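Engineer: Next up is a structure, given as structure tokens.
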Amino acid sequence: RLVYLVREEERTSLREKIIHWGIQDKPCVVFQVGGGRRSGWRDWPVEHYVKLGRRLLAEYEVQLILLGGDDLCAKAAGIRASLPPTTINLAGKLSLAESAALLSLSKILVSTDTGIMHLGFAVGVDALARIHCNNPASRVGPHGYGDKHLVVQLEPPPGVAVSKDVNMSLISSKAVLLKLKQLCERNGLKRSS
């Protein structure tokens, strides 16, 4: 089990930036929007993020934040352009320490198997991990956290071998939404009226 303790001065510094970015005073849900430079096969399609984000924002009173490294700025901008204007795109804007502070102040992280997913586990935010069959949850986690984190595991279609070629688009936004709602309810997030 990983533990990362965010210092209070890191949270304070991030809170000051949050005001500048216009982040609302609502529970935050963070979407890590990619799998990293070396592992694009773990990425989920833009349209899936858009569907998930729209449903989340229609059903719950939350602040949606998009997160990712410099390499994910264009993808995050594409997702952001199709979501309500209250969605905040922080891709390429945060250091790793600032990302940890953001996650520690958030209610839920939705991520694929990335360093940010493991950082989320370590700071204690409830995480929903979309995991590729080529590197299954039994190998990458979450382990040792009880039922705190939820997983949507990609499975290859019948007759197709496990490989990097199995496309993450086979994990539907509907399947992820079902698990995300469980985390929203667990965290007592207010439903939209």
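The values are calculated or read from the model by the stated rules, or taken from the named source; none is laboratory data. Remember, predicted model here, so these are calculated numbers, not experimental data. Quick reminder, even Gly has a Cβ in these numbers, built from the backbone with ideal geometry, and neighbours come from all protein chains shown. Accessible surface areas use protein heavy atoms only, side chains included; no ligands, DNA or RNA. Shrake-Rupley method; radii C 1.70, N 1.55, O 1.52, S 1.80 Å.
Engineer: Tell me, please, whether a residue that is hydrophobic (A, V, I, L, M, F, W, C) and surrounded by fewer than 16 Cβ atoms within 10 Å (Cβ to Cβ) can be found in the range 20-37. It would help to see each step written out before you state the result.
Structural biologist: Applying the first criterion (hydrophobic (A, V, I, L, M, F, W, C)) to the range 20-37 yields 21, 23, 28-31, 33.
If we keep only those that are surrounded by fewer than 16 Cβ atoms within 10 Å (Cβ to Cβ) too, we end up with 21.
Yes - at least one qualifying residue is present in the range 20-37.
Engineer: Looking at the range 135-150, which of the residues that are of a type in the set (D, E, K, R) and not in a helix (DSSP H, G or I) is most open to solvent (accessible area, probe 1.4 Å)? Break it down into steps so the answer makes sense when it comes.
Structural biologist: To start, the set of residues in the range 135-150 that are of a type in the set (D, E, K, R) comprises 139, 147-148.
Narrowing further to those that are not in a helix (DSSP H, G or I): 147-148.
Values: D147: 114, K148: 58 Å².
If we take residues in the range 135-150 being of a type in the set (D, E, K, R) and not in a helix (DSSP H, G or I), then D147 is most open to solvent (accessible area, probe 1.4 Å).
Engineer: Of the conditions (1) touching a strand residue (DSSP E or B) at 6+ places or on another chain (Cβ under 8 Å); (2) touching a residue at least 40 places away in the same chain (Cβ under 8 Å); (3) open to solvent by 60 Å² or more (accessible area, probe 1.4 Å), R1 fails just one. Which one is it?
Structural biologist: Here R1 clears every test but (1).
Engineer: Please name all residue pairs, on different chains or six or more residues apart, with Cβ atoms under 9 Å, provided the first residue is in the range 127-140 and is farther than 17 Å from K164 by Cβ and in contact (Cβ under 8 Å) with a residue 24 or more places away in the chain and the second residue is among the hydroxyl-bearing types (S, T, Y) and open to solvent by less than 40 Å² (accessible area, probe 1.4 Å).
Structural biologist: L128/S111
Engineer: Additional query: For the subset of the range 174-193 comprising residues that are aliphatic (A, V, I, L, M) and out of contact with any strand residue (DSSP E or B) (no Cβ under 7 Å at 6 or more places or on another chain), which member is least open to solvent (accessible area, probe 1.4 Å)? Please lay out each step first, then the result.
Structural biologist: Initial filter on the range 174-193 (aliphatic (A, V, I, L, M)): 175-178, 180, 183, 189.
If we keep only those that are out of contact with any strand residue (DSSP E or B) (no Cβ under 7 Å at 6 or more places or on another chain) too, we end up with 177-178.
Values: L177: 13, L178: 105 Å².
Per the stated criteria, the residue is L177.
Engineer: Given (1) open to solvent by 40 Å² or more (accessible area, probe 1.4 Å); (2) out of contact with any Phe, Trp or Tyr (no Cβ under 8 Å at 6 or more places or on another chain), where does K164 come up short, assuming only one miss?
Structural biologist: Answer for K164: the failing condition is (2).
Engineer: Residues that are more than 18 Å from S111 (Cα to Cα) and assigned to a helix (DSSP H, G or I): does the range 155-176 have at least one?
Structural biologist: No, the range 155-176 has no match at all.
Engineer: Can you confirm whether the range 124-134 contains a residue that is of a type outside the set (S, T, Y) and part of a helix (DSSP H, G or I)? Break it down into steps so the answer makes sense when it comes.
Structural biologist: Taking the range 124-134 first, the residues of a type outside the set (S, T, Y) are 124-134.
After this cut, where a residue has to be part of a helix (DSSP H, G or I) as well, the list is none.
Among the residues of the range 124-134, not one is of a type outside the set (S, T, Y) and part of a helix (DSSP H, G or I), which makes the answer no.
Engineer: For the range 78-99, which residues satisfy the criterion of being open to solvent by 50 Å² or more (accessible area, probe 1.4 Å), within 16 Å of the chain's Cα centre (by Cα) and not basic (K, R)?
Structural biologist: Across the range 78-99, the qualifying residue is only L96.
Engineer: Return only the number of the condition from (1) touching a Leu at 6+ places or on another chain (Cβ under 7 Å); (2) open to solvent by less than 60 Å² (accessible area, probe 1.4 Å); (3) of a type outside the set (G, A, S) that Q153 does not satisfy.
Structural biologist: Tallying (1) touching a Leu at 6+ places or on another chain (Cβ under 7 Å); (2) open to solvent by less than 60 Å² (accessible area, probe 1.4 Å); (3) of a type outside the set (G, A, S), Q153 fails exactly one: (1).
Engineer: Restricting attention to the range 130-180, and to residues there that are among the hydroxyl-bearing types (S, T, Y) and in contact with a Lys or Arg (Cβ under 8 Å, 6 or more places away or on another chain), which single residue is farthest from H48 (Cα to Cα)?
Structural biologist: Within the range 130-180, the first condition is being among the hydroxyl-bearing types (S, T, Y), and the residues that meet it are 138, 145, 163, 169, 172-173.
Adding the requirement that they be in contact with a Lys or Arg (Cβ under 8 Å, 6 or more places away or on another chain) leaves 145, 173.
Values: Y145: 27, S173: 5 Å.
My answer is Y145.
Engineer: If I ask for residues that are farther than 15 Å from R191 by Cα and assigned to a strand (DSSP E or B), which ones from the range 22-66 would you list?
Structural biologist: Here is the first cut: in the range 22-66, the residues farther than 15 Å from R191 by Cα are 22-25, 30-52, 65-66.
Result: V30, F31, Q32, I65, L66.
Engineer: For the range 4-16, what are the residues that are more than 18 Å from I116 (Cβ to Cβ) and open to solvent by less than 80 Å² (accessible area, probe 1.4 Å)?
Structural biologist: Scanning the range 4-16 gives T12, S13.
Engineer: Which of the residues that make up the range 165-183 are small (G, A, S) and in contact (Cβ under 8 Å) with a residue 24 or more places away in the chain?
Structural biologist: Residues of the range 165-183 that are small (G, A, S), as a first pass: 169, 172-173, 175.
The answer is S169, S172, S173.
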